[in-house]
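K.L.:
After the structure tokens below, expect a handful of questions from me.
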Amino acid sequence: MEQTIVAIDQLVKRYREKLAVDHFSMKVMEGEILGLLGPNGSGKTTTINCLLSLLKFDKGEITVFGKPMSPEAYDLKGQIGVVPQNVAVIQTLTVAENIDFFCGLYIKDRKTRKQYVEEAIRMTGLEEYRKYYPKKLSGGLIRRLNIACGIAHKPKLIIFDEPTVAVDPQSRNAILEGIREMNRQGATIIYTSHYMEEVEELCTRIIIMDRGRNVAEGTTAQLKASLRNRETIRMEMVTCTDEMLADLKEINHVYEVKVDGECLMIRCDGGTHNLVHIMGYFAEKNIPFGRVVTELPTLNDVFLEITGKELRD
Amino acid sequence: MFCHVFVYRIKELLRNPWHLAWNLLFPIGLATAFFFGFGNLIKEDPELFTAIPVGYVKEADQPFDEVMTSLSEDKKDPILKVSRYSGEEQAKKALRAGKVRGYYIQKGDTISVVVGRNGITSTTLHQILKEYENQKKVLETIGAKHPEKIAAAVETIQSRQNFLHPHVFNQYTSVYMNYFFSLIAMASLYGSWLSTTMLSGISANMTERGKRYESAPIRKMTSLSAGLAATMLLQGVFNGILVLYIQYVLQLHFGVPLWQVLVVTTVGGAMGIAIGIFIGALVKKKGLQMALTLGVSMVSSFLSGLMWGEIRQIIESRIPVVNRLNPAAMLTGCLYNLGNYGMTKNFYRDLYSMILMTLGLLLVSVAVLRRRNYDSL
Amino acid sequence: MTVFKTILKIAKRDWITILVYFIVFACFGSLSARGNAQKENETYQDEKMDVAVIDRSNSTISRGLVKSLQKTDRIVTPNTEDLTELNDDVRFDIYDYVLILPKDFEEKVMAGETDAAEYISGGESICGHLMSEKIRLYLQDVVLYLNSGDSKEEAVAGAEDAMLASSHVKSEILSQVKTGQSTFLAGIFRFSSYALLMLLIEVVGTILGNIRHSDVRRRIAVSGASFRQRNLSLYGAVLVVSVFMTGLLIAFVLIASVGDSDYGKIPYYILNEIAIMVCGIGIATMISSITTDSSLISMIANTVVLSMSFLCGVFVPMEVMSSKVLMVSHFLPLYWFSRAIQYINDHSVKAVMGPAFCSYLGIQVLFGIGFFMIGLIIFKKKELYAV
């Protein structure tokens, strides 16, 4: 049976008048990669900081590995790795020294630590840069260093707080692959981001946050299945008549037909081969059209439907 | 864990160019500037009394001429260096040109002295004249009342009997060394920047690495004590280098065995670190921390005599409680007393005050930091 | 106009720095200027010394001695009898002399002993010599009268008469002699150079550093404003800020020295202040061309200005510095500022303006222009080589 690694129950955190986290609850099961998705200011980082006992919170309970989390829970802290949003390294230590220093806060045995540090350097591709100082590293490399410092001690729970901000695509892919590898090796991962593509790609389960609340939860498939819209077909049209719009609406599974400038947008609530049926209609009526694009729903659509705004607003 | 954090703190701080510059190089640079500015005053006593160049315009052989001769021809300690002029105009010219500090002119029975300005030297020249008239009056009075005693009186006057002896203190360092003591105090207080940097590295509300640090399973007391040990060691070493530089490179001696000076400066360095921890514990804004540490260092250093040497003693004589509370004045006073009087009660008073201040500030800081939780980051 | 306003906004952010240095100048500058000020007189006056007397004897002769000293000097009973504290008071010019009359003072004087009393003075100083001689003279007079058969009271009265008889001795001051004394105005303007240079280098250096930061510079360069317009705005704003800070210091001096006898010389002091302001702008330009980091600018400012202040007569009088050091100081702008201060101090209002004074101002301005040009050249070279 899967163990609950993290359980947050009815967390409330207030910054004076502003309610940053509003009765937020979540569970993280062993071995999963949980994505915490939400726009800027939704309370993701605040939740993480409360989880790590860096911040006092007003109400709620937080348990990690079945035990209550507190600033003095050193046994629990020893099993958690953190990769914060902003780069958190010491500028006057080299790459290898940084990793060794932070690993040393968790691992007392020098021999074990040395081995772990080497593995972390290899895993993050920093072998050539071990004697470099952080200010000499590019943005992508310094992010890798940031990760290495957080995972070198092989924690059971790793929290990534927006680790790919301002990172080039190559480094980003390397980071995501590295996270998958860590998960394969047994780590449970909490991954916060406002990039839905990453979360969709990486996470086994997703929680969507908005204004401090848990507004949706499930796997990607489950979240998308909760939408009415299962497929959006866009067609560049030359002409569009009311009769045509009405006919299209009669097609099975089509629930919305809209003209957006010179583009016709057709939304379908399920079914397969929707495009075939619609193309069939146009062929039958001999109506010319331009480019056709079919889109499956995204998490942004999920967010839009639940909250009425875009994830990137 | 303690050793691990201690070693890395040393590396981290030692490689920070700002700390090397402010805590080590800047005080050495300033000490060098002091040396060039007034190092000669330390090696040679600027207040040493030397014969006063004076002019004498004599119209004929007068008894006062003999006075001039006797005061200038004492081979051991001549009081005057007399230049004789045949006319007053020559003497005036010499006075205006700065060749003499004044001149005596005798017209008939009246002797007067002409000087360039008021001051101690002019008063001394005036006093010589007063003494001449005084002794004339005394001899006249004794001659009138007890003429048989006049010979003995003349002999007494000529013997220049002394009634005073100076109080001798065993040790002596130049009063200008106080500037260097004050500089060492300032350098010690700059140690507060080492401790604020250290503290920001372990505080989640100050830096990102502080957040990572506080997420780790390390007890706050371990972090703090390792950080404190590292910063105190570093500041102690920096102070030691400064002391060695002053003693061996600038060749200015502290007047006591070096180990005693190093003990005092090490305590001073620890006090500077404690002040930084205290400010860091109570003040969260980085800008305000910097302003406070700089303000405390500069004000304390000034009041200990960094720019105006007399001020510490002026405060000591008027509002001594300020010196009891001023960390820079405590350290300066400690070094000054050590160099001039040895380990007196004032030395121990200042030394124990520094230790007490260090411990007190550390206790308060630890109490604040140990249980610190954040409302916001 | 935008660049101009931006500069003023950047300068406003440094208000804490401006406040700190203003307070340092206002408090410490005033204190040290007042402490070191000497008044010039046209008529001769005996210099009064501050003498602390501990009279444990309280005898006829001791009281007579103290009474005699009170006529010519300021006699105080110190609030401590700790000899080390008294020695420190002498060494740091709180007192000029300390006289300790033991319980058996009178007996020792009457017995003609040479260690009748103890004194503390500053080594072999002239103050010590003078006071010791005054005391010796008085006691000698007493002994002379005692030896001639007078009683204690008659001897003391006789010594007092002798002192009175000698007090008619005349001394006068010859005019047009250089005195080297420093007034309050000279002292406070001298100190102001430290505060002003620190302010100029820190604030102006930070402003220029911000503007010269590579990304900011590029952004400004692609704006619509011409090169001439941009630089006019930039340096115009720098001048406004500099004049403001200089004006602040001068305003304080004007208020603090109201009623001072040298008030008429203030326009010359202000001219000198403006000259060092120009020099300060030059130094700030040069430093900001080397680095744009405000912490580094601050460190360089502290090192350069403090060292110059000690080497050029701001904190330590030039008269006591060695000639070799003074030779080197000639190459520092603050030296000429201090020379100008001393020149104004030593001459009457009508005699200040002349070739010498103008040369001191000119040298400072030339230094400023020189540093400014060096700064521009470094900046240009850095741009050229993309440093």
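The values are calculated or read from the model by the stated rules, or taken from the named source; none is laboratory data. Not measured: the values here are computed from a predicted model. Cβ coordinates were reconstructed from backbone atoms using ideal geometry, including for glycine residues, and neighbour counts include every protein chain displayed. These area figures cover heavy atoms from the full protein model, side chains too; ligands, DNA and RNA do not enter into them. Shrake-Rupley method; radii C 1.70, N 1.55, O 1.52, S 1.80 Å.
K.L.:
With a 1.4 Å probe and all protein chains left in place, how much accessible area per residue does the protein assembly as shown have, in Å²? If you can, show how the numbers build up before the last one.
P.N.:
Details: 47360 Å² over 1077 residues.
Per residue, the protein assembly as shown has an accessible area of 44 Å².
K.L.:
Oh, and also: Specify the inter-centroid distance of the range C:302-353 and the range A:173-195, based on alpha-carbon positions, in whole Å.
P.N.:
Going from one Cα centre to the other spans 68 Å.
K.L.:
With contacts defined as alpha carbon pairs under 8 Å and 6 or more residues apart, what's the relative contact order of chain A in percent? Don't skip to the end; give the middle numbers.
P.N.:
Details: 574 pairs, mean separation 61.3, N = 313.
Result for chain A is 20 percent.
K.L.:
Now a separate question. Just the accessible area for residue B:93, please: 1.4 Å probe, Å², rounded to the nearest 10?
P.N.:
Taking all protein chains as shown, residue B:93 has close to 150 Å².
K.L.:
Take peptide C:84-91, look around each residue's Cβ out to 10 angstrom, count Cβ atoms belonging to other protein chains, and average those counts. Intermediate results must be reported in sequence, preceding the final value.
P.N.:
Details: counts 10, 5, 1, 4, 12, 4, 2, 10.
So the per-residue partner count for this stretch is 6.
K.L.:
Also, I was wondering about something else. At a probe size of 1.4 Å, how large is the accessible area of residue A:160, to the nearest 10 Å²?
P.N.:
Near enough 0 Å² of accessible area.
K.L.:
Sticking with this one: What does DSSP give for the range A:158-313 in terms of the percent of beta bridges that are antiparallel, rounded to the nearest 5?
P.N.:
On the way: 22 of 26 bridges.
Counting only bridges with both partners in the range A:158-313, antiparallel ones make up about 85 percent.
K.L.:
First select every other residue whose beta carbon is under 11 angstrom from the beta carbon of residue A:130; then total the charges, Lys and Arg +1, Asp and Glu -1. Can you show the working numbers first?
P.N.:
Details: positive: A:122, A:131; negative: A:97, A:100, A:118, A:127, A:128.
Spelling it out: positives minus negatives among the neighbours equals -3.
K.L.:
Could you check which residue among A:190, A:48, A:107 shows the biggest mean-square fluctuation in a GNM of chain A with a 10 Å Cα cutoff?
P.N.:
Its mean-square fluctuation being the largest, the pick is A:107.
K.L.:
Can you list the HN-Hα couplings for the range A:174-190, worked out from phi with the Karplus curve (6.51, -1.76, 1.60; θ = phi - 60°), rounded to whole Hz and with x for Gly and Pro?
P.N.:
Per residue, the Karplus-derived 3J(HN,Hα) values read 4, 5, 5, 5, x, 5, 4, 4, 4, 5, 4, 7, x, 7, 8, 10, 10 Hz.
K.L.:
Of C:32, C:307, C:148, which is farthest along the charge dipole of chain C in the positive direction, counting Lys and Arg as +1 and Asp and Glu as -1 at C-beta?
P.N.:
C:307
K.L.:
Further question on the same structure: Which percent, to the nearest 5, of DSSP beta bridges fully inside the protein assembly as shown are antiparallel? If you can, show how the numbers build up before the last one.
P.N.:
Details: 48 of 91 bridges.
Looking only at bridges with both residues in the protein assembly as shown, the antiparallel portion is about 55 percent.
K.L.:
Work out the mean other chain Cβ neighbour count within 10 Å for the residues of B:152-162 and drop it here as an integer.
P.N.:
Per residue, the number of nearby Cβ atoms from other chains is 4 on average.
K.L.:
Would you check the accessible area of residue B:15, probe 1.4 Å, heavy atoms only, in square angstrom rounded to 10?
P.N.:
80
K.L.:
How charged is the neighbourhood of residue C:332? Take every other residue with its Cβ under 15 Å from the Cβ of residue C:332, and add Lys/Arg as +1 and Asp/Glu as -1.
P.N.:
Numbers: positive: C:190, C:324, C:339; negative: none.
Within the 15 Å Cβ shell, the charges total +3.
K.L.:
Using a Gaussian network model on chain B with a 10 Å cutoff between Cα atoms, which of B:51, B:144, B:185 fluctuates the most?
P.N.:
Result for chain B, Cα springs under 10 Å: B:144 fluctuates most.
K.L.:
Then there's this: For the range B:143-160, just list the computed ³J(HN,Hα) in residue order, Karplus coefficients 6.51, -1.76 and 1.60, θ = phi - 60°, integers in Hz, with x standing in for Gly and Pro.
P.N.:
Ordered by residue, 3J(HN,Hα) equals x, 6, 7, 9, x, 6, 9, 5, 5, 5, 5, 4, 5, 4, 4, 5, 6, 6 Hz.
K.L.:
As a check on your grasp of the helix formula, calculate [θ] at 222 nm for the protein assembly as shown: sum -39500 (n - 2.57) over DSSP H runs of n ≥ 4, divide by the residue count, round to the nearest 500. Intermediate values should be presented prior to the final figure.
P.N.:
Values: 46 runs with 604 residues, N = 1077.
Rounded to the nearest 500, the figure is -18000 deg cm²/dmol.
K.L.:
Enumerate the amide H contacts of residue C:124 below 5 Å, restricted to partners 5 or more residues apart or on another chain; note that Pro and chain-start residues carry no placed amide H.
P.N.:
Excluding prolines and chain starts, which carry no amide H, the hits are B:49.
K.L.:
Using a Förster distance of 60 Å, how high is the FRET efficiency between residue A:201 and residue B:355, based on the Cβ-Cβ distance and rounded to 0.05? Kindly include the intermediate steps, with their values, before the conclusion.
P.N.:
Values: r = 61 Å, r/R0 = 1.02.
Efficiency for this residue pair is about 0.45.
K.L.:
Cα gyration tensor of the protein assembly as shown, axes a ≥ b ≥ c as square roots of the eigenvalues: rounded (a/c below 1.5), prolate (a/b > b/c) or oblate?
P.N.:
Numbers: a/c = 3.91, a/b = 2.44, b/c = 1.60.
In terms of gyration-tensor shape, prolate.
K.L.:
Heavy atoms only, probe 1.4 Å: what % of the accessible area of chain A goes to carbon and sulfur, would you let me know? Display every interim value, and only then the final one.
P.N.:
Working: 7190 of 14830 Å².
On chain A, the fraction of accessible area on carbon and sulfur atoms equals 48 percent.
K.L.:
Give the percent of DSSP beta bridges with both residues in the range C:50-167 that are antiparallel, rounded to the nearest 5.
P.N.:
Values: 4 of 12 bridges.
Expressed as a percentage, antiparallel bridges in the range C:50-167 total about 35.
K.L.:
Let me ask something else. Summed for both chains, how many Å² of accessible area, to the nearest 100, are buried between B and C with a 1.4 Å probe? Before the final figure, lay out each step's value.
P.N.:
Values: alone 21120 and 21400 Å², together 34040 Å².
Accessible area lost upon association: around 8500 Å².
K.L.:
Where the centroid of each part is defined by its Cα atoms, how far is the range A:99-123 from the range B:171-229 in Å?
P.N.:
Spelled out, the Cα-based centre of one part sits 28 Å from the other.
K.L.:
Ignoring GluC sites (Glu not before Pro) that are buried or in helix or strand per DSSP, and keeping those with at most 10 other beta carbon atoms within 10 Å, what is the longest stretch of chain A between them? Kindly include the intermediate steps, with their values, before the conclusion.
P.N.:
On the way: sites that count: A:2, A:17.
By the stated rule (loop sites, at most 10 other Cβ atoms within 10 Å), A:18-313.
K.L.:
Another question, then. How do A:195, C:44 stack up against each other in accessible area, from largest to smallest, with a 1.4 angstrom probe?
P.N.:
Details: A:195 65, C:44 35 Å².
So, going from the largest accessible area down, we get A:195, C:44.
K.L.:
About its Cα centre, what dipole magnitude does the range C:50-167 give when the only charges are +1 on Lys and Arg Cβ and -1 on Asp and Glu Cβ, stated in debye to the nearest 20? Write down the numbers at each step before the final one.
P.N.:
Numbers: 11 positive and 24 negative charges, 54 e Å.
That gives a dipole near 260 debye.
K.L.:
What number, in percent, do you get for the relative contact order of chain C if the mean sequence gap of Cα pairs under 8 Å and at least 6 apart is divided by its residue count? Please report the intermediate quantities before stating the final value.
P.N.:
Working: 471 pairs, mean separation 75.4, N = 387.
Across chain C, relative contact order equals 19 percent.
K.L.:
Another question, then. What's the local net charge at residue A:277, with K and R +1, D and E -1, over the other residues with C-beta under 15 Å away? Walk me through the numbers on the way to the answer.
P.N.:
Details: positive: A:230, A:249, A:267, A:285; negative: A:231, A:247, A:250, A:269, A:284.
That sum, taken over residues with Cβ under 15 Å, equals -1.
K.L.:
By average Cβ neighbour count within 10 Å, what is the ranking of B:190-202, C:323-335, C:253-265 from highest down?
P.N.:
Per-residue Cβ counts within 10 Å, averaged per peptide and sorted highest first, yield B:190-202, C:323-335, C:253-265.
K.L.:
For chain B, set up a Gaussian network in which alpha carbons nearer than 10 Å are linked by springs, and say which option among B:286, B:211, B:58 fluctuates the most.
P.N.:
Looking only at B:286, B:211, B:58, the largest GNM fluctuation is found for B:58.
K.L.:
Still on this structure, please answer the following. In terms of modelled amide H atoms, which long-range or inter-chain residues lie less than 5 Å from the amide H of residue C:92?
P.N.:
Under 5 Å from the amide H of residue C:92 lies no amide H from a residue far enough along the sequence or on another chain.
K.L.:
In chain B, what percent of the accessible surface is made up of carbon and sulfur (1.4 Å probe, ligands and nucleic acids excluded)? Please report the intermediate quantities before stating the final value.
P.N.:
Working: 9370 of 15310 Å².
The C+S portion of the solvent-accessible surface of chain B is 61 percent.
K.L.:
Further question on the same structure: With all protein chains present and a 1.4 Å probe, how do A:239, B:358, A:45 order by accessible area, largest first?
P.N.:
Working: A:239 85, B:358 10, A:45 40 Å².
If we order A:239, B:358, A:45 from most to least accessible, we get A:239, A:45, B:358.
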